[in-house]
Amino acid sequence: ETPPPPPPPPPVVETPKYLWGSPAEARHSSRVIMDENGLTWEEKKLLCAVIECESGFRTDLVHKNEGGKSSDWGLVQVNDFFWIGEGKKFPSVDYVLKNPEACVRWMIECYKRGNLKWWVCFSGKGEDGKFYYEKHLKKFQ
């Protein structure tokens, strides 16, 4: 008598390469993308400190700027006046909020071109004379 055929194997569920559901996941995914882009340990530490300062690695954060003329959105706080909308880098606020990978990759491009100064947490200083990002560096030793 022939034995019954074995049951089919369970379906393979692929784990997404990047996870963004929590600040810890966003931090890890950001660092993976930085690794893929060949950043050194010090460069990753710098960019992570800027992201931590800007959004706390929250992908849903919205910051309304003084004067009410613009807002900054998502993980890397993309400014809607300069970067979001028809004919700009990102098509919509919704795109920025739902595509943190694209935003991290753009921030890396900006950094490599010498434009990290566009982020207030990199270029701005507190009353103590230190750049805003500096107080976050110790989290990334």
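The values are calculated or read from the model by the stated rules, or taken from the named source; none is laboratory data. Only a predicted model underlies this, so the values are computations on that prediction, with no experimental measurement involved. Every residue, glycine as well, gets a Cβ built from its backbone with ideal geometry; the counts of neighbours run over all protein chains shown. Keep in mind that these areas ignore ligands, DNA and RNA; they rest on the heavy atoms of the full protein, side chains included. Shrake-Rupley method; radii C 1.70, N 1.55, O 1.52, S 1.80 Å.
Of all residues in the range 53-74, those satisfying the criterion of being of a type outside the set (Val, Ile, Thr), surrounded by 21 or more Cβ atoms within 10 Å (Cβ to Cβ) and either in a helix (DSSP H, G or I) or touching a Phe, Trp or Tyr at 6+ places or on another chain (Cβ under 7 Å) (or both) are Cys53, Glu54, Ser55. Summed over the range 75-90, residues that are free of Cβ contacts under 8 Å to residues at least 12 places away in the same chain and open to solvent by 80 Å² or more (accessible area, probe 1.4 Å) total 3.
If the requirement is being closer than 19 Å to Tyr111 by Cβ, among the acidic types (Asp, Glu) and surrounded by 10 or more Cβ atoms within 10 Å (Cβ to Cβ), which of these qualifies: Glu36, Glu25?
It is Glu36.
Would you call Asn65 without any contact (Cβ under 8 Å) to a residue 40 or more places away in the chain and under 17 Å from Cys110 (Cβ atoms)? Answer is no for this residue. Taking residues in the range 110-132 that are basic (Lys, Arg), and partners anywhere that are not in a loop (DSSP other than H, G, I, E, B), the pairs with Cβ atoms closer than 6 Å and at least 6 places apart or on different chains are Lys117/Ser123; Lys125/Phe131.
For the range 38-64, a tally of residues being among the hydroxyl-bearing types (Ser, Thr, Tyr) and under 12 Å from the mean Cα position of the chain (by Cα) returns 2.
Taking (1) hydrophobic (A, V, I, L, M, F, W, C); (2) touching a Cys at 6+ places or on another chain (Cβ under 8 Å); (3) open to solvent by less than 90 Å² (accessible area, probe 1.4 Å) in turn, Trp118 satisfies each apart from (3).
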